[in-house]
Amino acid sequence: MRFNRYFHNLKTILSDRERKSIGRMLYENMLLLLKDKSLPVHYYSRGLYRKDQKDLYAYVNNKTLYSLWPLFNSEEYIPILDNKLLFHLFFKDKHIPLPKLLAYNINALFIHNNKVQHIPDPASFMDFLDLLLKEAAGPVFIKQSTGSHGGKGIFRINPEDPGVNKHLMTEIHQNLIRSSFIFEAALDQHPVLDVINPSCINTIRTDTFIDKDLRIENMAAYIRFGRGNIPVDNISSGGCAVDLDLTKGTLQKYGNTSLTVSGGETYTSHPLTGVAFEGTAIPFVQETKSLVRRAAGFLPSLRLVGWDVALTPGGPVLVEGNHDYDITGLDRTSGGYNRNPVFIKVLEEYKGLKRNKTKSNSEKISFGKNCRKFFRVVLNEKNRKPLLTIIRECFRLLWLNKSFPMHYFGRYLYIKGKSNIEDYVPNKILYSLWPRFNATEMLPILDNKLLFEYYFGDSHLTTIQILLYNINHFFFVGTETHIITDEQQFEHFLEQIINKLKNKSIFIKKTTNSFGGKNIFKINSGDLPMEGNKRHAIFSEIVSSSYIFQETIVQHSKLDQINPSCINSIRIDTFLRKEGKAEVISAFLRFGVLNTLVDNTSSGGSQISIDLESGRLDKYGYATITDGKGRIYEAHPDTEFVFEGFTVPFFAESIDLVRKAAECIPGIRLIGWDVGITENGPVLIEGNHDYDMTGTDLALYGCRKNPVLQLIFQEAGIRIP
């Protein structure tokens with residue numbers, strides 16, 4: 001592949017009258033090959049084959065440029081830049097100027113003003129567009145939410161289009177219902193840029209770097225000018241890039257195009273309007289630099305970002321950010337990043353990071369160890385079936401499902417009285433459901449607790465308010481940023497936050513990648529000042545990653561009777577039909593034990609099924625075999641509260657809350673919701689797209705006969721033996 005790219009457009013290069021001699025080009029290629037130990041593809045894309053290019057070593061090879069992003073950009077916040085909907089939600093909260101978001105869709109479900117509409121046909125789609133065009137009072141841009149590059153997946157709709165171009169509207173609708181898109185009102189471009197090219201919005205591409213001392217710096221910038229009647233300015237779509245002097249605020253002499261797309265042509269004026277580039281004063285350059293630095297400051301774990309900014313008569317507007325942007329364009333237009341003082345710092349740190357990079361081994365759960373736990377618990381269970389019966393039933397399920405029946409033990413089917421063993425569904429089938437029903441581009445909303453709050457808070461659902469969050473040493477309270485570098489400063493900061501709270505208590509959770517109640521801290525005002533080792537451990541952990549800080553909620557007094565040591569949440573799972581209606585599958589209450597902070601069954605907690613009609617608890621509570629040693633309870637082991645017949649407060653309201661939440665996020669159709677119950681009603685804690693459906697199978701006494709799951713299996717094309 002690299003050789004194909006290396007020799008691509010060779011004919012164009014050889015026919016260029018301004019090229020160097022073949023002997024000179026071969027010699028310079030050999031010098032760069034020896035220096036960089038990789039093919040000098042950048043020799044061609046930077047135009048180094050031309051006679052006017054003298055500084056051969058000013059430019060950075062592609063291999064180095066493309067290896068920067070994984071080292072400088074943390075994965076947990078990349079979805080904010082990758083997904084245009086999440087980008088809007090995040091930066092809207094920061095009061096960053098953005099294009100107006102009118103609506104978005106996920107397949108045939110369209111969300112406008114927090115209302116979901118099922119729009120399966122082109123006629124309804126044109127009516128929907130008419131509504132958006134009136135709201136925008138001008139053209140509307142439709143952009144693919146994720147996976148679009150180089151201006152692809154973008155449609156510009158003018159007010160007259162729905163009425164006169166029905167064929168185009170049908171084609172667009174067919175594209176939309178296969179994926180996810182956002183609808184934005186078109187921006188008014190500043191007159192200075194309109195004079196150069198009025199056919200599209202011509203954006204500034206500028207990049208920022210956050211150095212190891214936490215300083216945010218601008219590196220370079222160019223303006224992209226579209227050519228022809230295409231609605232975008234991307235270089236890969238035929239546009240040209242002109243270097244923008246960030247100090248003087250003026251354009252440089254040359255506009256460069258892509259060697260692959262446009263033959264590497266160079267212009268001194270726009271090819272359509274004839275307006276010369278050199279010396280043109282660009283408005284709002286200092287404001288643009290400030291805007292992108294401010295935006296970068298809200299995402300400090302993404303240290304190297306390319307920002308796209310539109311200039312309107314009222315000032316700069318942030319269009320998007322790119323964590324894996326093509327740095328080669330800035331390398332070329334700026335005259336070579338090896339001469340850029342900020343990029344030199346990037347390279348110095350890059351070399352250090354590259355040397356120190358070590359492979360981390362992910363934690364693996366031993367299958368054999370779990371099996372030994374299972375069998376030890378089963379053999380020691382006094383109320384188990386005879387061993388021969390267990391073996392016979394396991395072989396029966398093995399023959400029926402063509403896989404070892406691990407679910408036989410996880411669902412307590414070895415207990416006497418469990419006769420409907422075929423009603424329970426094997427794990428391999430249940431775990432295969434998530435990829436079939438949950439759209440990848442929407443998963444970060446549930447995976448990232450900060451985005452969860454932005455999304456569902458914006459939908460006016462009751463959630464636990466986030467007081468602040470951190471990304472490493474950056475702590476964000478509203479639009480304020482605090483850089484905290486030592487543990488005493490951290491403790492003082494916490495004390496100020498906690499003293500303002502009614503409950504004088506704060507809950508700290510890892511923003512992403514937390515499972516089973518891990519990575520959670522609870523700090524009360526009485527815990528301050530903390531003992532030195534504890535303070536050091538908590539501070540070190542928090543600044544090594546990203547956490548959210550919430551006021552500790554006070555659960556309903558009736559649930560306190562069962563277990564007062566933690567919030568005992570309800571797990572309710574829902575399935576969203578194609579037309580956008582949410583169905584509840586099951587519900588169960590989880591309770592913690594032994595003064596734990598969490599109620600997760602994987603942390604030693606247990607679950608009790610809730611009747612969906614009455615909201616009453618079942619007779620038995622179940623703990624997991626691996627974490628709860630396979631215990632079955634009729635009463636809480638600490639408080640001795642008897643479960644059977646207890647009515648969960650606000651249960652009907654909880655069902656209503658998760659139905660509304662499920663219908664707000666149509667891209668994820670199968671979700672396990674966690675709901676807390678306070679004296680004032682239910683509150684949405686989190687949603688899980690890849691949750692353990694063992695609890696569902698237990699709560700339903702077997703998933704096979706559940707009407708909602710039968711619908712799910714049918715749509716998924718799964719036949720239960």
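The values are calculated or read from the model by the stated rules, or taken from the named source; none is laboratory data. Fair warning: this is a prediction, and the values are worked out from it, not measured in the lab. Virtual Cβ from ideal backbone geometry, glycine too; neighbours counted across all protein chains shown.
Things worth noting here:
- Test result for residue 570, modelled with pLDDT of 95 or more, crowded, with 20+ Cβ neighbours inside 10 Å and touching a strand residue (DSSP E or B) at 6+ places or on another chain (Cβ under 9 Å): yes
- Number of residues in segment 83-138 that are within 22 Å of residue 158 (Cα to Cα) and among the aromatic types (Phe, Trp, Tyr): the value is 4.
- For segment 436-494, the set of residues classified as small (Gly, Ala, Ser) and farther than 19 Å from residue 674 by Cα consists of 439, 478, listed by residue number.
- For segment 204-216, the count of residues that are farther than 25 Å from residue 159 by Cβ and either in contact with a His (Cβ under 6 Å, 6 or more places away or on another chain) or aromatic (Phe, Trp, Tyr) (or both) is at least one.
- Residue-level check: of (1) closer than 28 Å to residue 292 by Cα; (2) in contact with a His (Cβ under 9 Å, 6 or more places away or on another chain); (3) buried (at least 19 other Cβ atoms within 10 Å of the Cβ), residue 101 misses just (3).
- Unique residue being buried (at least 18 other Cβ atoms within 10 Å of the Cβ) and either of a type in the set (Asp, Glu) or assigned by TED's automatic domain parsing to the domain that holds residue 670 (or both) when the list is 441, 422: 441
- Scan of segment 123-152 for residues that are within 18 Å of residue 86 (Cβ to Cβ) and either among the polar types (S, T, N, Q) or crowded, with 17+ Cβ neighbours inside 10 Å (or both), ordered by number: 141, 142, 143, 144, 145, 146, 148
- Reported count of residues in segment 464-487, each being of a type in the set (Ser, Thr, Tyr) and either on the phi > 0 side of the Ramachandran plot or crowded, with 21+ Cβ neighbours inside 10 Å (or both), is 0.
- All positions within segment 521-557 that are assigned to a strand (DSSP E or B) and in contact with an Asp or Glu (Cβ under 7 Å, 6 or more places away or on another chain): 546
- Scanning segment 453-462 for residues that are surrounded by 20 or more Cβ atoms within 10 Å (Cβ to Cβ) and either at pLDDT 95 or above or of a type in the set (Asp, Glu) (or both) turns up just one, 453.
- When residue 100 is tested against (1) at pLDDT below 90; (2) of a type in the set (D, E, K, R); (3) under 30 Å from the mean Cα position of the chain (by Cα), exactly one condition is not met: (1).
- Given (1) under 30 Å from residue 716 (Cα atoms); (2) part of a strand (DSSP E or B); (3) out of contact with any helix residue (DSSP H, G or I) (no Cβ under 7 Å at 6 or more places or on another chain); (4) hydroxyl-bearing (Ser, Thr, Tyr), number of the condition residue 574 does not satisfy: (3)
- Residue within segment 334-344 that is surrounded by 22 or more Cβ atoms within 10 Å (Cβ to Cβ) and either part of a helix (DSSP H, G or I) or in contact with a Gly (Cβ under 8 Å, 6 or more places away or on another chain) (or both) present: yes
- Inclusion of residue 62 among residues that are crowded, with 18+ Cβ neighbours inside 10 Å and in contact with a Pro (Cβ under 9 Å, 6 or more places away or on another chain) is warranted.
- Number of positions in segment 107-122 that are within 28 Å of the chain's Cα centre (by Cα), surrounded by fewer than 16 Cβ atoms within 10 Å (Cβ to Cβ) and closer than 17 Å to residue 171 by Cβ: 1
- Test for residue 215: is it free of Cβ contacts under 8 Å to residues at least 24 places away in the same chain and either surrounded by fewer than 16 Cβ atoms within 10 Å (Cβ to Cβ) or on the phi < 0 side of the Ramachandran plot (or both): yes
- Boolean, residue 502 is in contact with an Asp or Glu (Cβ under 8 Å, 6 or more places away or on another chain) and basic (Lys, Arg): yes
- Restricting attention to segment 264-305, the residues that are touching an Asp or Glu at 6+ places or on another chain (Cβ under 7 Å) and either at positive phi or part of a helix (DSSP H, G or I) (or both) total 0.
- So residue 35, is it under 30 Å from residue 265 (Cα atoms), charged (D, E, K, R) and part of a helix (DSSP H, G or I): yes
- Qualifying residue in segment 488-503 (condition: part of a loop (DSSP other than H, G, I, E, B) and surrounded by 16 or more Cβ atoms within 10 Å (Cβ to Cβ)): no
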